[in-house]
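Here is the structure we will look at, set down as structure tokens.
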Amino acid sequence: MAARGALNPIPGRLAGPCGWPDSTEVAAWHLYGGTPLLALRAVPGGIHHSVVVVRDLGASLRFYRDGLRLDLLQDRQVEGDWPDLLDAPSRRLRAVFLGDAGVPDDHAGVLELNVLDGDVPEGLPPSPPRTGLFLLSFFVDVEATLSRLAALGLGGPPRRVTQSTPRGPITLATVRDPDGVLVLLSPGSITRSE
């Protein structure tokens, strides 16, 4: 298996976070003089990023950066017509982007944490599944991540199950982020058979 973010020996494929070629095959890497060049093609329906509006950015960074080990990609203040586009309370927000610094952001999921200027109502309390956004899922070393979160006093009591996959059984776990978002921790794909 290729290392995380490393070039894969299969031409035209980029190694994904778990070492196998990324299933979207958005990018083809070529080495020219030690500089990687990226050839892109459109990915209909590809997910670029998900956004979580947070109350306590420090706690959320400890959860996602320190607990789940996401890299800080960018942290900036952004002014825009957020009241019109997002029904936000003001034109200013702080956007913190997290992901894998070794993989181009147009090729891998990015998590954006937003702190909005103005009064933002608290989200719904955690509940059983209902329609709408349900959870965020991350490929991680499940037990190591649960240990880090416990040491940070974050995540709450984890729930674990053993799930059958085409590659055999794997252990999945769920925890809650500081704003109550359900987060699924997976050691790898639950759909790939190779």
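FYI, it's all coordinate maths here, none of it is from the lab. It should be emphasised that the depicted structure is a prediction, and the values quoted were computed from it without experimental measurement. Every residue, glycine among them, receives a Cβ derived from its backbone with ideal geometry; neighbour counts consider all protein chains shown.
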Problem set entry | Filtered residue count, segment 55-94, keeping only those that are within 13 Å of L154 (Cα to Cα) and surrounded by 15 or more Cβ atoms within 10 Å (Cβ to Cβ) | 9
Exercise. What number of residues within segment 162-177 satisfy the criterion of being exposed (fewer than 10 other Cβ atoms within 10 Å of the Cβ) and among the acidic types (D, E)?
Worked result: 0
For this session: Please find, within segment 148-157, the residue that is surrounded by the fewest Cβ atoms within 10 Å (Cβ to Cβ) out of those that are in contact with a strand residue (DSSP E or B) (Cβ under 9 Å, 6 or more places away or on another chain) and touching a residue at least 40 places away in the same chain (Cβ under 8 Å).
Result: L154
For this session: Answer with yes or no whether G109 is surrounded by 13 or more Cβ atoms within 10 Å (Cβ to Cβ), within 23 Å of H48 (Cβ to Cβ) and out of contact with any helix residue (DSSP H, G or I) (no Cβ under 8 Å at 6 or more places or on another chain).
Result: yes
Seminar exercise, completed: Selection over segment 158-184 where residues are touching a residue at least 40 places away in the same chain (Cβ under 8 Å) and in a strand (DSSP E or B) yields a count of 4
